[in-house]
Every structure is written in C-alpha cells, then in structure tokens.
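Heads up, the thing below is written out as structure tokens.
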Ligand code: URA
C-alpha cells in the first residue's frame with residue numbers, strides 16, 4: 001500500500017493559502033490552529049496528509065479547507081471569464097479568496113467563453129485536468145444552443161460528417177451529434193475543444209448562437225437544481241462519471 005505523504009504543518013497550511021509560514025506560526029501562537037481538538041504549538045511538526053485531516057484540523061474555529069486533489073463543479077454564470085489574470089469578473093472570484101493562493105493552483109478544466117454558462121470543472125489535480133482535456137480520451141461535451149435563426153435541417157448531417165472545416169483551420173472537425181429540441185434550440189455534443197467551437201459550427205451553417213449553456217461533460221451532468229453561480233466539490237464516484 002502507498003505510504004501516506006507527510007508535511008510540516010506550516011508548509012501545508014501555507015500551500016493551502018492560509019498565509020506565509022510566518023503568518024501560520026503566528027496563528028498557532030494565538031491558539032487558532034487545533035489538531036484533534038488540541039492547540040498546535042509546533043508548526044514545524046510533520047503530520048500525515050490524509051483525507052481525515054479536514055475533519056481533525058480546525059483553523060480559526062473552522063474545518064480545514066479540502067486538501068490537494070479536489071474537483072469543483074460550478075454552474076458558471078454569464079459574464080465571468082475562465083482566466084487567472086484578465087480584467088473583470090473571473091470564475092475564481094466565486095471561490096473562497098484564500099484558494100487563489102493555493103499551491104498547486106486551482107485551474108479550470110478547459111474553458112467556457114465569458115458569455116457561455118453551465119457546467120465548469122476546476123481542479124488542482126494536473127493529471128486529471130490533462131486526462132479530461134486530452135483528445136485521446138474523447139470526453140463528450142454537450143451544449144444547449146439557442147439560435148438566432150430557425151434550424152434549416154441540414155445541420156445534423158453537416159456536424160456528423162467529420163468533414164466540417166471551420167474558418168481559418170485546415171483540419172476538419174471530428175463528428176459531432178445534434179439533437180433538435182425546437183426550431184431555434186438544439187443540443188450539440190462535441191468531443192473536441194476548439195476555440196469558440198460551437199458558435200463557429202453554427203456560424204458555418206449560416207446561423208448565430210444567441211445563448212450557450214454546457215449541460216454535461218462525459219457522463220456527468222449539471223444538476224437541474226444547481227443555481228447559477230453555485231459550486232460544490234465532486235465525490236470520487238462523480239469524477240469517474242466524466243470518463244463514462
Ligand atoms: N463552444 C463555444 O463556442 N463556446 C464555449 O464556451 C464552449 C464551446
């Protein structure tokens with residue numbers, strides 16, 4: 001069995017965004033760090049980084065944040081950018097402020113445009129991130145598109161052909177599946193993640209996407225009752241659904 005990794009308390013808490021090592025030492029001196037209900041006095045002590053640490057450690061009276069290896073499901077609102085450094089509202093603003101200082105950093109798994117809403121995953125697990133976005137794994141992304149013009153009936157065949165060439169590109173798109181919901185609404189499932197892909201696909205058919213919402217990633221769907229802007233951590237069984 002793999003050995004549980006250990007870390008100095010000050011190094012661990014600093015990597016989780018609680019402050020510099022000096023600030024963490026000051027927190028401990030003030031009696032603000034508890035481990036198994038006892039005050040931590042020696043922040044140089046090494047402790048096992050095990051999953052139960054979250055329930056055993058309290059900082060400022062609150063349970064420790066999730067340790068590294070988290071996957072966050074967010075119902076992304078319109079108007080927020082999937083970037084660490086652009087000006088304006090960023091998806092990271094929705095998460096607790098100290099999570100911006102975590103190392104490894106939390107990043108979005110792929111991106112949604114500023115004006116796209118819906119299922120967005122964020123993680124600090126680089127291996128998982130690459131597995132989800134890697135073309136090798138063919139993770140299907142399904143979008144609900146609201147269109148400016150009624151569908152003309154040819155889109156399904158064009159998208160499924162595997163021959164559609166987007167403007168400025170030289171490699172045709174992999175086949176994608178269209179499900180028509182109404183004259184101006186459709187679900188589109190794609191396995192690639194090219195720049196503005198869904199908007200450009202409909203533009204190639206002479207239409208215009210007025211609203212775009214991601215409903216699912218692999219076998220993981222955005223829960224119907226999850227309000228825009230809300231987030232929660234995914235369980236292991238939910239993470240596994242991404243690759244189904
Ligand atoms: N395709 C787009 O055009 N925009 C997105 O945000 C995602 C897919």
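Bear in mind that the values in this text are calculations on the coordinates, not laboratory data. Since the structure is predicted, the reported quantities are computational estimates derived from the model, not experimental observations. Because the Cβ atoms are built from the backbone with ideal geometry, glycine has one as well, and the counts that use them run over all protein chains shown.
In the chain, helical runs assigned H by DSSP with n ≥ 4 each contribute -39500 (n - 2.57); averaged across all residues and rounded to the nearest 500, the mean residue ellipticity at 222 nm is -5000 deg cm²/dmol. A simple spin-label model places pseudo-atoms 7 Å from Cα toward Cβ; at residue 136 and residue 37 they are separated by 4.9 nm. Extending 7 Å from the Cα toward the beta-carbon at both residue 238 and residue 181 defines two label points whose distance is 2.2 nm. Given R0 = 25 Å, the distance between the Cβ atoms of residue 230 and residue 50 translates into a calculated FRET efficiency of 0.30. Take every Cα pair under 8 Å whose residues are at least 6 apart in sequence, average their separation, divide by the length of the chain, and the relative contact order is 19 percent.
Extension gain for the segment residue 22 to residue 3, taken as residue separation times 0.36 nm less the Cα-Cα distance, is 4.0 nm to one decimal. Each principal axis of the Cα cloud of the chain was taken in turn, and the coordinate range along them, longest first, works out to 70, 41, 34 Å.
A straight chain from residue 105 to residue 154 at 0.36 nm per residue would run longer than the Cα-Cα distance by 13.3 nm.
For the range 6-63, rounded, prolate or oblate, judged on the Cα gyration tensor with a ≥ b ≥ c (square roots of eigenvalues), a/c < 1.5 rounded, else prolate if a/b > b/c? Cα axes put the range 6-63 in the rounded bin.
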